[in-house]
Amino acid sequence: MFPGVIALDGVDLTLEPGVVHMLLGENGAGKSTLMKVLSGAYRKDAGEIRVNGQPVEINNPRDALALGIRVIYQELNLVEQLSVAENIFLGALPTKAAGIVDWTALNSAASQLLSDLGMSIDPRTRVSRLGLAHRQMVEIAKALAVPASKTNAGPGLQTGPTSILVMDEPTSALTSREVEQLFALIERLAARGVAIVYITHRLDEVFRIGRRITVLRDGRHVTTRAIGEVTVAELVRLMANRDLTDHFPKVRAPIGAELLRVEHLTRRGVLSDVSFSVRAGEVVGVAGLLGAGRTELARAVFGADRFDSGQVFVDGQAVRFDGPADAITRGIGLLPEDRKAHGLVGGLTLARNIALPHGRRLSRFGLIGRRREQEAAKPIADDLRVKATPTQPVRLLSGGNQQKVVLGKWLAGEVRLFIFDEPTRGIDVGSKVEIYLLMNRLTARGAGILMISSELPELLGMSDRILVMHRGRIQAEIDRAQATEERVLTAALGLAG
């Protein structure tokens, strides 16, 4: 139980060896909380957990590991300063005499495991040098490297018939090719008798790899069914308790004056001669494969990263931002790709996080009182349907509610140009629609949106124009009326302009 919120209320879940069990529900439904209880990160207040028919107590993560339960959380938990191999076997490094780490054995074991996963990552690479997708794959390797039982002789892809593997939004940062590799791995694990809990908001994945489905809503069990007994429309209705007939409720707003223009932006090795514009009332989508330079473009425009040449214009005036504070002053807000690392301060309250970029406007005599923070945050949190109180630390919120808090930061200010980098990553279907409706409201009042997304249906459904990036360049600019998945993918692969 969390402050003012009952996270779980009498939830039942039964797992079977070799079965991929999909766990669905809107953000705040209790999915991640249930898995944290199962993993020993949280302690249950009531109820019973049985493994192989025997009642067990899981008081901490060590208890869960001893029972063969392993969890891959939605928010990555890696040590950036250590190598890939060190992260994979953290806490179980092979040693020689006198406790000296056996680096050859460590890197060899990591290399073998990464190969089993279909990844060609040098195990000696420092994690800080990896992109988000590769970090996600390292997190998966790390979870699978933990021995499933005491009978397993050493590290590696070893699992016992009673093992339980929990995956919380594992594909949220993966490319299509990496997703296929992950699904192939899941099939191999299931064939070995591993019970897999798969949490996702991507309904196509549910029917692709799932065999059973459990739906939670507001911390309670709604239903458990075989995959063939439900339809997409019924799942959405069960999760949201309402019909969502239009997943992309795009409303085209009148296009106004130019808010942002970028000319010949170049950053060696990352961006090359990038030019585009965003007008008031317009949603400009940015597509591209992993490594195309989309996030780097957003950070450069926002002043988070410097560029070597080119020019940025805001409201027709040339600007040079020395940092994000300058961009915020000019009415630009960024929702970053990695909300945990770059969008939130986990130990601060919901209200304080929303107030952070707006200190000058909310302060009196250089100080911001809690009352003013909460007065500014509450209507925004209510409007975004954040399931939390203004005084609750954001680290206790679900991933989707955390994303809404990041959005709320910019709604509290006078932002006119929104840069959304993966705005619905890890967001349930109902919350996605709420964010799309918010985008409609923003453009209707004259704001402009630059939206980076890895989900083609989202780009096609919500963009007025789509910029397709390939190797740091704008490969194509496609109007909404001419945009198709095939045309966008072809440009993203660099095969056509």
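The values are calculated or read from the model by the stated rules, or taken from the named source; none is laboratory data. As the structure is a prediction and not an experimental result, all values here were calculated from the model. As a convention, Cβ positions derive from the backbone with ideal geometry for all residues, glycine included, and neighbour counts pool all protein chains shown.
Would you point out the residue of the range 52-81, among those that are among the charged types (D, E, K, R) and in contact (Cβ under 8 Å) with a residue 60 or more places away in the chain, that is farthest from Leu15 (Cα to Cα)?
Residue satisfying both the conditions and the ranking: Glu75.
Has the range 2-21 got any residue that is in a strand (DSSP E or B), under 20 Å from Arg395 (Cβ atoms) and not assigned by TED's automatic domain parsing to the domain that holds Phe207?
Yes, the conditions are met somewhere in the range 2-21.
Based on what the data block shows, is Leu90 surrounded by fewer than 19 Cβ atoms within 10 Å (Cβ to Cβ) and within 18 Å of Arg70 (Cα to Cα)?
The answer is yes for Leu90.
Does the range 87-106 include one or more residues that are within 22 Å of the chain's Cα centre (by Cα) and in the same structural domain as Leu185 (by TED's automatic domain parsing)?
Yes, there is a match, as at least one residue in the range 87-106 is within 22 Å of the chain's Cα centre (by Cα) and in the same structural domain as Leu185 (by TED's automatic domain parsing).
Take the residues in the range 261-304 that are more than 22 Å from the chain's Cα centre (by Cα) and among the charged types (D, E, K, R); name whichever of them is modelled with the lowest pLDDT.
Arg268
Take the conditions under 22 Å from Pro170 (Cβ atoms) and of a type in the set (A, V, I, L, M) and apply them to Ile49. Does it pass?
no
What single numbered condition from (1) among the polar types (S, T, N, Q); (2) farther than 28 Å from Leu437 by Cα; (3) not assigned by TED's automatic domain parsing to the domain that holds Leu456 fails to hold for Thr200?
(2)
Condition first: at pLDDT below 85, within 17 Å of Lys31 (Cα to Cα) and small (Gly, Ala, Ser). Can you find one or more residues in the range 168-189 that meet it?
So far as the range 168-189 goes, yes, one or more of its residues are at pLDDT below 85, within 17 Å of Lys31 (Cα to Cα) and small (Gly, Ala, Ser).
If we keep just the residues of the range 473-488 that are of a type outside the set (Asp, Glu) and more than 12 Å from Val286 (Cα to Cα), which is surrounded by the most Cβ atoms within 10 Å (Cβ to Cβ)?
Out of the qualifying residues, it is Ala483.
Please state which of the following conditions Ile49 fails to meet, knowing it meets all the rest: (1) closer than 30 Å to Leu384 by Cβ; (2) free of Cβ contacts under 8 Å to residues at least 40 places away in the same chain.
(1) is the only condition that Ile49 fails.
Which condition breaks for Leu442 when tested against (1) in contact with a Lys or Arg (Cβ under 7 Å, 6 or more places away or on another chain); (2) closer than 29 Å to Glu414 by Cα; (3) of a type outside the set (Gly, Ala, Ser)?
(1)
Among the residues of the range 396-424, count how many are surrounded by fewer than 22 Cβ atoms within 10 Å (Cβ to Cβ) and under 17 Å from Thr200 (Cα atoms).
0
Starting from the range 244-273, take each residue that is within 18 Å of Met439 (Cβ to Cβ) and without any contact (Cβ under 8 Å) to a residue 40 or more places away in the chain and list its partners that are surrounded by 13 or more Cβ atoms within 10 Å (Cβ to Cβ) and among the aromatic types (Phe, Trp, Tyr), counting only C-beta distances under 7 angstrom and pairs at least six apart or across chains.
Listed by first residue and then by second, the contacts come to nothing, as the list is empty.
Would a scan of the range 2-25 turn up a residue that is in contact with a Lys or Arg (Cβ under 9 Å, 6 or more places away or on another chain) and among the aromatic types (Phe, Trp, Tyr)?
No, the conditions are met nowhere in the range 2-25.
Within the range 42-56, identify whether any single residue is in the same structural domain as Val197 (by TED's automatic domain parsing), under 19 Å from Ser398 (Cβ atoms) and of a type outside the set (D, E, K, R), and answer yes or no.
yes
Would you point out which residue out of Thr223, Thr214 is in contact (Cβ under 8 Å) with a residue 60 or more places away in the chain and either hydroxyl-bearing (Ser, Thr, Tyr) or under 24 Å from Leu13 (Cα atoms) (or both)?
Unique residue meeting the criteria: Thr214.
Within the range 320-341, restricting attention to residues that are surrounded by 16 or more Cβ atoms within 10 Å (Cβ to Cβ), over 21 Å from the mean Cα position of the chain (by Cα) and among the hydrophobic types (A, V, I, L, M, F, W, C), which residue is farthest from Ser454 (Cα to Cα)?
Within the range 320-341, the match that is farthest from Ser454 (Cα to Cα) is Phe321.
Please indicate, with yes or no, whether at least one residue in the range 464-487 is assigned to a helix (DSSP H, G or I), more than 30 Å from Ala257 (Cβ to Cβ) and small (Gly, Ala, Ser).
no
Could you list all residues from the range 314-332 that are under 21 Å from Leu442 (Cβ atoms) and part of a helix (DSSP H, G or I)?
Pro324, Ala327, Ile328, Thr329
So Gly430 clears everything in (1) under 20 Å from Arg299 (Cα atoms); (2) of a type outside the set (Val, Ile, Thr); (3) out of contact with any Pro (no Cβ under 6 Å at 6 or more places or on another chain) except one condition, right? Which one?
(1)
Are there any pairs, at least 6 apart or on different chains, whose C-beta atoms fall under 6 Å, with the first in the range 180-192 and of a type in the set (S, T, N, Q) and the second at pLDDT below 85 and surrounded by fewer than 16 Cβ atoms within 10 Å (Cβ to Cβ), and if so, which?
Here the result reads Gln181/Gly118, each pair linking the range 180-192 to a residue that is at pLDDT below 85 and surrounded by fewer than 16 Cβ atoms within 10 Å (Cβ to Cβ).
Among strands (runs of 3 or more DSSP E) lying entirely in the range 206-313, which contain 1 or more residues that are among the aromatic types (Phe, Trp, Tyr) and either surrounded by 14 or more Cβ atoms within 10 Å (Cβ to Cβ) or out of contact with any Lys or Arg (no Cβ under 8 Å at 6 or more places or on another chain) (or both)?
Counting at least 1 such residues, we get 271-279.
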